[in-house]
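A quick write-up on the structure given underneath.
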Amino acid sequence: MATPRYADLLARLERVRALGVELGLERVRRALAAMGDPQRRFAAVQIAGTNGKGSTAAMTEAILRAAGIRTGLYTSPHLARFTERIRVNGVEAEGDHLAALDARVAACGVPLTYFEVATALAFLTFAEAGVEVAVLETGLGGRLDAVTTCEPAATAITSIALDHTDYLGDTLREIAREKAGITKPGVPCLLPARSTFPPEVEDELARVAAEVGAPLLRLGRDFSPVEAAPALSGPHQRANAAIAVELSRRAVAAAGRALPAEAIARGLAHVRWPGRLERVADDVLLDCAHNVEGAQALAAALPGLAGGRPVALVTSVVRDKDAAAILDGLAPHVAAIVATASRNPRSLPADQLATLAAPRCARVHTVRDPRDALALARDIASPDGLVLVAGSIFLVGELRAHLLNEPVDPAPTSDPV
């Protein structure tokens, strides 16, 4: 039998992607047990949230690595390569190696979803690499998400807003219940300041935590804000950084180590989280503001980042997002909108997006190809303006790879949602 290659893994992921989403833990637990429960061979922290969980994960991992901890980082979705999701000590996984590990996953005979396969690959990678602490970003919700099979030293919930309502529920209370499902008996769950969440969310988080027996720790009450600003842009990152520091402290303690103050400072100063308020050229800013809350955070940060320069927005939005509300958040801050569509099949057609944008901005263009849309936006913004690429993770990934001449997967693949 031929040795599996990365292209084989991508093809298999695309096949299981067609099966869609089937939330639940029974399948992935059976598969992990058949592989010797790799998730039990390292300490872990798990992070959930509508927005901010990826940034918090990146900062946590950077702090731990600066402290000399051998780290694993598992995030989703990816921008240009599936291998971005799984990192050991800051180094992206190698595609052919993941394909070889996937042979073990497939041999279990358990029919897994796209995200379950990815999670099993992450756990196998970390166990094989001798990772001390894995930083794990929840994929969808929490209660029934594959990552929740981990055994965390601490968990965190960064934010709760309406998103993925087809799977998580139509109300904030229902979504809070799903995200609070990452809590474990006796395991502290870190939360932002109490004023962050509306009363129904607070009530549900408290109820679930009490039922499970998980202590809730609050920013500003049980742990302190950070003094230095992290390298990641945006005022919202201060709260995420504080949660990352506390997660790091608890993870290091679980590994039997100490967390020096200089490691915190160094980790926050050097953290990178591609595609999130990332300047990739003097005139291009990228941000994966793919939902309403993300657009609001971007809108709050944009005036300071633009510095008075006129902004031309290049945007694509997938069909299951509230494109009108995303545009409501961003349109007041831009002089022109170039509507396009990423290569992802779930993208809203460019002309439909332009129709939504027209009442919100005086200057709207429709350009179906993202690279041509970027070129037009640069023409509009020049010589002293700024191009903002936002609204879709898939668009940001595509144009980021183009601008930085980075490799992309030979066969693009993505989660079903």
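The values are calculated or read from the model by the stated rules, or taken from the named source; none is laboratory data. The structure displayed is predicted, hence computed values, not measured ones. When we count neighbours, we look across all protein chains shown, and the Cβ atoms used for this are built from the backbone with ideal geometry, even at glycine. Keep in mind that these areas ignore ligands, DNA and RNA; they rest on the heavy atoms of the full protein, side chains included. Shrake-Rupley method; radii C 1.70, N 1.55, O 1.52, S 1.80 Å.
Taking the residues in region 247-258 that are open to solvent by 20 Å² or more (accessible area, probe 1.4 Å) and modelled with pLDDT of 95 or more as candidates, determine which candidate is farthest from residue 386 (Cα to Cα).
As a first pass, look at region 247-258 and keep what is open to solvent by 20 Å² or more (accessible area, probe 1.4 Å): 249-250, 253-258.
With the extra rule that they be modelled with pLDDT of 95 or more, the set shrinks to 249-250.
Numbers: 249: 39, 250: 41 Å.
In this case the residue turns out to be 250.
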Single residue of region 152-170 satisfying the filter (modelled with pLDDT under 95 and in a loop (DSSP other than H, G, I, E, B)) that is farthest from residue 22 (Cα to Cα): 159
Among the residues of region 126-135, are any of a type in the set (A, V, I, L, M) and closer than 22 Å to residue 17 by Cα? no
Taking the residues in region 277-304 that are of a type in the set (A, V, I, L, M), under 20 Å from residue 56 (Cβ atoms) and crowded, with 18+ Cβ neighbours inside 10 Å as candidates, determine which candidate is modelled with the highest pLDDT. 286
Report yes if some residue within region 305-321 is surrounded by fewer than 23 Cβ atoms within 10 Å (Cβ to Cβ) and closer than 14 Å to residue 232 by Cα; otherwise report no. yes
Here is a check on your reading of the model: is residue 69 modelled with pLDDT of 95 or more, in contact with an Asp or Glu (Cβ under 9 Å, 6 or more places away or on another chain) and at negative phi? yes
In region 62-79, anything open to solvent by 10 Å² or more (accessible area, probe 1.4 Å) and not in a loop (DSSP other than H, G, I, E, B) is listed as 62, 65, 66, 73
Take residue 274 and tell me if it is open to solvent by 20 Å² or more (accessible area, probe 1.4 Å), under 25 Å from residue 382 (Cα atoms) and assigned to a helix (DSSP H, G or I). no
Condition (residue is crowded, with 23+ Cβ neighbours inside 10 Å, more than 20 Å from residue 50 (Cβ to Cβ), under 21 Å from the mean Cα position of the chain (by Cα) and of a type in the set (S, T, N, Q)) applied to region 233-242: is it met by at least one residue? no
Among 94, 26, the single one that is under 21 Å from the mean Cα position of the chain (by Cα) and open to solvent by 50 Å² or more (accessible area, probe 1.4 Å) is 94
I'm checking my understanding of the structure. Among residues of region 339-392 that are among the basic types (Lys, Arg) and part of a helix (DSSP H, G or I), which one is surrounded by the most Cβ atoms within 10 Å (Cβ to Cβ)? 378
If we scan region 126-141, do we find a residue that is part of a helix (DSSP H, G or I), touching a Leu at 6+ places or on another chain (Cβ under 8 Å), among the aromatic types (Phe, Trp, Tyr) and on the phi < 0 side of the Ramachandran plot? no
In region 393-400, is there at least one residue being farther than 23 Å from residue 81 by Cα and surrounded by 15 or more Cβ atoms within 10 Å (Cβ to Cβ)? no
Out of everything in region 175-221 that is open to solvent by 50 Å² or more (accessible area, probe 1.4 Å) and touching an Asp or Glu at 6+ places or on another chain (Cβ under 8 Å), what residue ends up being farthest from residue 152 (Cα to Cα)? 194
Which residue out of 106, 120 is open to solvent by less than 10 Å² (accessible area, probe 1.4 Å), part of a helix (DSSP H, G or I) and either among the aliphatic types (A, V, I, L, M) or within 17 Å of residue 146 (Cβ to Cβ) (or both)? 120
